[in-house]
């Protein structure tokens, strides 16, 4: 039961969205759909007009229907679930797996695998029995993802991502070595350096004007994006490659890949953003050059994920070791 407080908004959906307890995790859009579906009653009478006027002191009953089945089909696909409880799960996604079904990838996705694993335990997100995908990583990027199993967890996690309070660190193997002493980098718009030789890239990102599969750096349109990159290890002479830790202040599509390419340090194996470069014989040995050339995906791994549990408030932090392909490449480079 929901009681309308003093000075309510002028329409029912807004008033209910204000008064519904936060723990119910009902957005205004969800409430509007419930009203139109006949799930809201006042004094036993259905109110189906979401713009209906309301008065202080009125009492409304909201009936939440059972979650509707998801359009995606459950599939028995092995998953590396790092941690889970009734509200969420943290998964170490392998490279090559798409997160969400799409026209080009209708099956074999993380969502299909999650539906099979969690099935009856999904309480529903947005009224549908499906896992709540709060953030994504690219198909060919490996590493950690958090997935909501309930509406309350979905809303709470989404709010943290919107506030940029989630800790996310990626490991990337890039061409060249980002360095504050590099005169070239000082002339690249949007690139600066912070204490500790940390490269900060601040731009806007928008869909590429000519290639709809790509994102592009802009400074006048699109969405604000900030990446910080710190060199962990150098390979070759004179600095042919570097293992860097990239931390996201924002989380835009392809952000690390686009930003590192913009700075002139594209990711190894990233054919979309120019990361397949020829490395000179003097920079690396033959076996090392061959291993780099044969690496079949962008060398990017979501290694660290930290956030507050959206229901209990507990601080959670997870780390995922490098997958075999990236670890093997680094072993060859270190040899």
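Throughout, read-outs are computed from the coordinates displayed, never taken from laboratory work. If you're wondering where the values come from, they're calculated on a predicted model, not measured in any experiment. Using ideal geometry, Cβ is built from the backbone for each residue, glycine included, and neighbour counts are taken over all protein chains shown.
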Part-to-part distance (alpha-carbon centres) for region 191-223 and region 301-316, which is given in Å
26 Å
As I understand it, the value is the acute angle between the Cα axis of helix 324-334 and the longest principal axis of the Cα atoms of the chain; what does it come to in degrees, rounded to 10?
30 degrees
Expected max-MSF residue from 294, 261, 183 in the GNM of the chain (alpha carbon, under 10 Å) is 183
Does anyone have the angle between helix 151-162 and the longest principal axis of the chain? Alpha-carbon axes, 0 to 90°, nearest 10?
50 degrees
Under 19 Å from a point placed 7 Å out from the Cα of residue 85 along the Cα-to-Cβ direction: which residues of region 303-331 have their backbone N that close?
305-319
How much mean residue ellipticity at 222 nm does the chain get from its helices, if each DSSP H run of length 4 or more adds -39500 (n - 2.57) and you divide by all residues, to the nearest 500 deg cm²/dmol?
-6000 deg cm²/dmol
With springs only between Cα atoms under 10 Å, which of 310, 131, 238 fluctuates most in a Gaussian network model of the chain?
238
